1. Could you check Asp78 against (1) free of Cβ contacts under 8 Å to residues at least 60 places away in the same chain; (2) at positive phi; (3) of a type outside the set (A, V, I, L, M, F, W, C) and say which number it fails?
2. Output yes when any residue across the stretch 106-115 is assigned by TED's automatic domain parsing to the domain that holds Ser35, surrounded by fewer than 19 Cβ atoms within 10 Å (Cβ to Cβ) and outside any helix (DSSP H, G or I), and no when none is.
3. Which residues, counting only those in the stretch 274-307, are under 17 Å from Thr187 (Cβ atoms) and part of a loop (DSSP other than H, G, I, E, B)?
4. Give the residues of the stretch 242-273 that are free of Cβ contacts under 8 Å to residues at least 24 places away in the same chain and assigned to a helix (DSSP H, G or I), sorted by residue number.
5. Restricting to the stretch 309-319, name every residue that is modelled with pLDDT of 95 or more and touching a Gly at 6+ places or on another chain (Cβ under 9 Å).
6. Out of Arg135, Arg146, report the one residue that is in a helix (DSSP H, G or I) and farther than 18 Å from Ser10 by Cβ.
7. Can you tell me which residue in the stretch 199-229 is surrounded by the most Cβ atoms within 10 Å (Cβ to Cβ), limited to those that are within 14 Å of Ser37 (Cα to Cα) and of a type in the set (Asp, Glu)?
8. Against the conditions (1) within 30 Å of Ala145 (Cα to Cα); (2) crowded, with 21+ Cβ neighbours inside 10 Å, where does Pro298 fall short? Just the number, please.
Amino acid sequence: MKSVLAIAHSNIALVKYWGKRVDVDPRLNLPAVGSLSMTLDGLWTQTKLQPTTGSDRFVLGGTVQTGSAAAKVWAHLDRLWAHGHGGARPACVVDSSNHFPTAAGLASSASGFAALTVAAASAFELRATPTELSRWARMGSGSAARSIFGGFVRLHRGERADGEDCYAEPISTGEPPWPLALVVVQTALGAKSVGSTEGMERSRTTAPYYGPWVETSAQDLADAEAAIQRRDLAALGAIVEHSCFKMHACMMASRPPIVYWKPPTLAVIARVGELREAGVPGYVTIDAGPHVKVLCEPDRAAAIAQACEDVPGVEAVMICQGGPAATVREIAAGGRG
């Protein structure tokens, strides 16, 4: 086993993923719908993976983790080890840092499990294509399948029970790539109130809008990909907002309701609408959390960011561009990279 350092960037879904397939092995973590995302340069996870003569240890942000968080990491490493080796997996130290808030609706699980996947594939000396890495990352976190790649990425729902046709792939926009920006507006502090896995199952089993949400997803994906190929921001933005509000309507109609939005969330949505009416186009999307992201042309990002920063209750604003694919490199044992 080698010592490696991996970096993967978060992604924000423009056409949303919410819900899991129930007709398959739950360990495959197969989504009920496909999704389409943009990988971001400003939100990223760094993960160092090394062998140890002691016991497994998972460190996140400088703090040793136990319980369910650590259990998910060890289960993922066990799966990956089994792809290329027999017998027991070597004991490992995983030292990971998110360079943005964790468990707050900013897709830290996407970058986290993507980084862990590419790190393990390299450390365990597994031969894997990007498609295989995407499938493996999906089993740790559904959105992690997309963070293997940079730019615009589509995750295929797939139909097979074994999950082999559920993987992500990048969407080419030609040369040079379409340079959109995403303004990330943090509207609260701390972890979100309901974890995504719990929330998805609650919506599936109790929300009357869950069936229509699943049924209308495929058309949203086709329309969004076509808009990206045409570089039509107005068309893409309309789909992005429609997908976002459909997902949150499904959440809010769950029993008990799942309401991630805070007063600043609504205020930012209103501010972006006012800007658009004034000739500064931006389009909102919100993941499973309170934070608002605004898709826009790069030359509009600063004005949108300033207007959102002025909204009472907003904690922080960041302008992101399209980010790169996940990377990994070998480091000296015990090294800091």
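1. Going through (1) free of Cβ contacts under 8 Å to residues at least 60 places away in the same chain; (2) at positive phi; (3) of a type outside the set (A, V, I, L, M, F, W, C) one by one, Asp78 breaks only (2).
2. The answer is no; no qualifying residue exists.
3. If the condition is that a residue be under 17 Å from Thr187 (Cβ atoms) and part of a loop (DSSP other than H, G, I, E, B), then Gly282, Ile286, Asp287, Ala288, Gly289, Pro290, His291 are the ones that fit.
4. Within the stretch 242-273, His242, Phe245, Met252, Leu266, Ile269, Ala270, Gly273 qualify.
5. Correct list: Ile319 only.
6. Arg135
7. Asp220
8. The single condition Pro298 does not satisfy is (2).
The values are calculated or read from the model by the stated rules, or taken from the named source; none is laboratory data. The shown structure was predicted, so the numbers you read here are calculated from the model rather than taken from an experiment. So basically every Cβ, Gly included, is an ideal-geometry build from the backbone, and we count neighbours across all protein chains shown.
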